[in-house]
Amino acid sequence: MRITLLFLFGLLLQMASGQPDHSEYPPSPTGSGKQPPPGGPVLVRPYPISYSDNQFKVIIIVELVYDAMQFILKDNEYLASFDTEIIFLEKKSRQTYSKVWPSTFAVKDYDLTNRRDQFFLTWDTLTMPSGEYEVTFKYQDLQGKQKFQNKLNFSLPALKDLYAASPLFMVDFRDHESVLPFFPARPLASWGQLPFNEKIKMFLNVHSKLDSLLQVSVEVYNKSSSTQVCDLDTLLVLKDQQGTLLVNLPSQQWPEGRYEAKLVYQGKADSLIQKLPLEIIWLSKPRSLAIPEYVILPLKVILPENEYDEINSGSKEERQRKFENFWKQQDPTPGTAFNEILFEFYSRVDSVNRVWSDKRTPGWNTDPGRIILLYGQPDEVEDNSLSPIKPYLRWTYFLEDKTLNFTFQALEGRKRYRLIEEREIQNP
């Protein structure tokens, strides 16, 4: 069975109709969660807001990946409970500032408890003076033995004429999240690792004794291509020497990779330049996309032999270029770095590899795997695989203009399935 762009067009229609392929791969770009989060299972970001020459309110932002928490079933929900503790030790005075706070979090879907691309956000605040601090963060699960501890260095400088905290990155709040009173959007605890295909916002917090108006420019460069991907200019107004600004970045246009940001604050009396590394990370990237040597092989299922042979010919670099060009031509949203059809197709590859692979054959190259790549999960399943006389498995797809039936023979005690019949019935 060979089909080309008709399959891709049908796939796009299926996604647009709100009928996702498999429950574990929702149509969101943050869907499957197979990559480990950067920086470990717990991310901690102390963020300072200055309010006098020597005092700061430090907002302690903590994100915990769902997979790191211990959940128990209670009242039809999966509940996680834990304590978080943070200790700031000023290195010269040895003065400590600490806070312990409990958190409780519940989800209704068991599959969410194992997600590595979803984070629970919690926070608290401390007030402390300028200084150089050693920070210890502790996490203690209250329903299991899970513990986590991390150390980092943190500086609160004595304020001079112009001070800008390192930018804090944000995304929109989710429907189920409580809004933080300090911020207009959901803060990220990572210091520069940003999620792929999110609308990233940059929160700027500035203290100036001499200027009430600053010109702010934001430039971002892709380090691998040495191209500028962002060039923004705006104004920041200060009141009582304090000012904040939220900058929307064109981050959905940025592919995975390393970047560098340059911020320039320019006033009449003073100026400041900040540079910081950034990295766009696709946490929910299908696993099959991460293996360049094998990424082209599943295209055998959807392409004519001559088209497949063309893409799979040439050097490694040529094959990669042709592979990228092929999917670029299918991208329904070419203005963004995220390709919905590519994501859905390789999410299906991951799914069938997990369910249908054996020692001899990857799941995408089995008869059931190929059908799922082409049509997604069946609408109806008739499983007669345990019959001692004629073991079989039948899948039915109800399409807009026709009904498809695929019957598989169960072999070797259901270890393998072979397609033995295809039926197509035109709808009246």
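Test Y294 against the criterion of being touching a strand residue (DSSP E or B) at 6+ places or on another chain (Cβ under 8 Å) and hydroxyl-bearing (S, T, Y), and give yes or no. Even if it seems obvious, please write down each step before you answer.
Working: touching a strand residue (DSSP E or B) at 6+ places or on another chain (Cβ under 8 Å): no; hydroxyl-bearing (S, T, Y): yes.
No: the conditions fail for Y294.
Out of Y375, Y397, I need the residue that is modelled with pLDDT of 95 or more, touching a Phe, Trp or Tyr at 6+ places or on another chain (Cβ under 6 Å) and hydroxyl-bearing (S, T, Y). Which one?
On the way: Y375 fails: modelled with pLDDT of 95 or more.
The match here is Y397.
Quick test for you: out of L168, L188, L159, pick the one residue that is closer than 26 Å to L276 by Cβ, in contact (Cβ under 8 Å) with a residue 40 or more places away in the chain and in contact with a His (Cβ under 7 Å, 6 or more places away or on another chain).
Details: L168 fails: in contact with a His (Cβ under 7 Å, 6 or more places away or on another chain); L188 fails: in contact with a His (Cβ under 7 Å, 6 or more places away or on another chain).
Result: L159 is the single residue among L168, L188, L159 that is closer than 26 Å to L276 by Cβ, in contact (Cβ under 8 Å) with a residue 40 or more places away in the chain and in contact with a His (Cβ under 7 Å, 6 or more places away or on another chain).
Whether any residue in the stretch 80-90 is modelled with pLDDT of 90 or more and farther than 25 Å from D141 by Cβ is what I want to check.
As a first pass, look at the stretch 80-90 and keep what is modelled with pLDDT of 90 or more: 80-90.
Next cut, farther than 25 Å from D141 by Cβ only: 90.
Among the residues of the stretch 80-90, at least one is modelled with pLDDT of 90 or more and farther than 25 Å from D141 by Cβ, which makes the answer yes.
Quick check: anything in the stretch 306-316 in a helix (DSSP H, G or I), touching a residue at least 60 places away in the same chain (Cβ under 8 Å) and in the same structural domain as F345 (by TED's automatic domain parsing)? Break it down stepwise before answering.
Pass one, the stretch 306-316, residues in a helix (DSSP H, G or I): 306-311, 316.
Filter again for touching a residue at least 60 places away in the same chain (Cβ under 8 Å), leaving 307.
Then keep just the ones that are in the same structural domain as F345 (by TED's automatic domain parsing); that gives 307.
Scanning the stretch 306-316 turns up at least one residue that is in a helix (DSSP H, G or I), touching a residue at least 60 places away in the same chain (Cβ under 8 Å) and in the same structural domain as F345 (by TED's automatic domain parsing).
Which of the residues that make up the stretch 273-304 are buried (at least 20 other Cβ atoms within 10 Å of the Cβ), under 16 Å from L342 (Cα atoms) and of a type outside the set (V, I, T)?
Matches in the stretch 273-304: W282, L283, S284, K285, P286, S288, P298, L303.
Which of the residues spanning the stretch 124-154 are under 15 Å from D83 (Cβ atoms) and of a type in the set (F, W, Y)?
Within the stretch 124-154, F137, Y139, F148 qualify.
Show the residue pairs meeting these rules: Cβ distance below 7 Å; 6+ apart or different chains; first residue within the stretch 379-406 and touching a residue at least 12 places away in the same chain (Cβ under 8 Å); second residue loosely packed, with under 15 Cβ neighbours inside 10 Å and aromatic (F, W, Y).
Taking only residues 6 or more apart or on different chains, the pairs are D379/F398.
Go through the stretch 392-417 and give me each residue that's of a type in the set (D, E, K, R), assigned to a strand (DSSP E or B) and closer than 21 Å to G363 by Cβ. Before you say what the answer is, go through the steps one by one.
Kept after step one, since they are of a type in the set (D, E, K, R), are these residues of the stretch 392-417: 394, 400-402, 412, 414-416.
Then drop every residue that is not assigned to a strand (DSSP E or B), which leaves 394, 402, 416.
Scanning the stretch 392-417 gives R394, R416.
Could you tell me which numbered condition D350 fails, if it satisfies all but one of (1) part of a helix (DSSP H, G or I); (2) more than 25 Å from W254 (Cβ to Cβ)?
The number of the failed condition is (2).
Just the residues that are farther than 23 Å from F183 by Cα and without any contact (Cβ under 8 Å) to a residue 40 or more places away in the chain, please, taken from the stretch 197-222.
N222, the sole residue that qualifies.
Picking from V42, V100, which residue would you name as being in contact with a Ser or Thr (Cβ under 9 Å, 6 or more places away or on another chain), modelled with pLDDT of 70 or more and surrounded by 13 or more Cβ atoms within 10 Å (Cβ to Cβ)? It would help to see each step written out before you state the result.
Working: V100 fails: surrounded by 13 or more Cβ atoms within 10 Å (Cβ to Cβ).
The unique qualifying residue is V42.
Among the residues of the stretch 359-374, is there at least one that is part of a strand (DSSP E or B) and of a type in the set (S, T, N, Q)?
Narrowing the stretch 359-374 to residues part of a strand (DSSP E or B): none.
No, because not a single residue in the stretch 359-374 is part of a strand (DSSP E or B) and of a type in the set (S, T, N, Q).
Would the stretch 129-138 turn up any residue that is polar (S, T, N, Q) and farther than 26 Å from L194 by Cα? Break it down stepwise before answering.
Going residue by residue through the stretch 129-138, those that are polar (S, T, N, Q) are 130, 136.
From what is left, the residues that are farther than 26 Å from L194 by Cα are 130.
Within the stretch 129-138, one or more residues are polar (S, T, N, Q) and farther than 26 Å from L194 by Cα.
Going by what's in this entry, would L89 be described as assigned by TED's automatic domain parsing to the domain that holds V58, closer than 25 Å to S190 by Cβ and assigned to a helix (DSSP H, G or I)?
Working: assigned by TED's automatic domain parsing to the domain that holds V58: yes; closer than 25 Å to S190 by Cβ: yes; assigned to a helix (DSSP H, G or I): no.
When the stated conditions are applied, L89 does not pass them.
Name the single residue, out of those in the stretch 355-372 being touching a helix residue (DSSP H, G or I) at 6+ places or on another chain (Cβ under 7 Å) and more than 19 Å from E421 (Cβ to Cβ), that is surrounded by the most Cβ atoms within 10 Å (Cβ to Cβ).
Taking the stretch 355-372 and keeping what is touching a helix residue (DSSP H, G or I) at 6+ places or on another chain (Cβ under 7 Å), we get 355-357, 362-364, 366, 368-370, 372.
Remaining after also requiring more than 19 Å from E421 (Cβ to Cβ): 355, 357, 362-364.
Details: V355: 13, S357: 15, P362: 17, G363: 23, W364: 25.
Checking each candidate, the answer is W364.
Could you pull out the residue among L64, L126, L112 that is closer than 22 Å to V179 by Cβ and outside any strand (DSSP E or B)?
None of the others qualify; the one that does is L112.
I389 fails exactly one of the following numbered conditions: (1) part of a strand (DSSP E or B); (2) of a type in the set (A, V, I, L, M, F, W, C); (3) closer than 17 Å to L411 by Cβ. What is the number of that condition?
Against the list (1) part of a strand (DSSP E or B); (2) of a type in the set (A, V, I, L, M, F, W, C); (3) closer than 17 Å to L411 by Cβ, I389 comes up short only on (1).
Condition first: in a loop (DSSP other than H, G, I, E, B), closer than 22 Å to L276 by Cβ and of a type in the set (S, T, N, Q). Now tell me which residues in the stretch 222-242 satisfy that.
S224, S225, S226
The values are calculated or read from the model by the stated rules, or taken from the named source; none is laboratory data. This is a predicted model, so every value here is computed, not measured. Note that we place each Cβ from the backbone using ideal geometry, even for glycine, and neighbour counts take in every protein chain shown.
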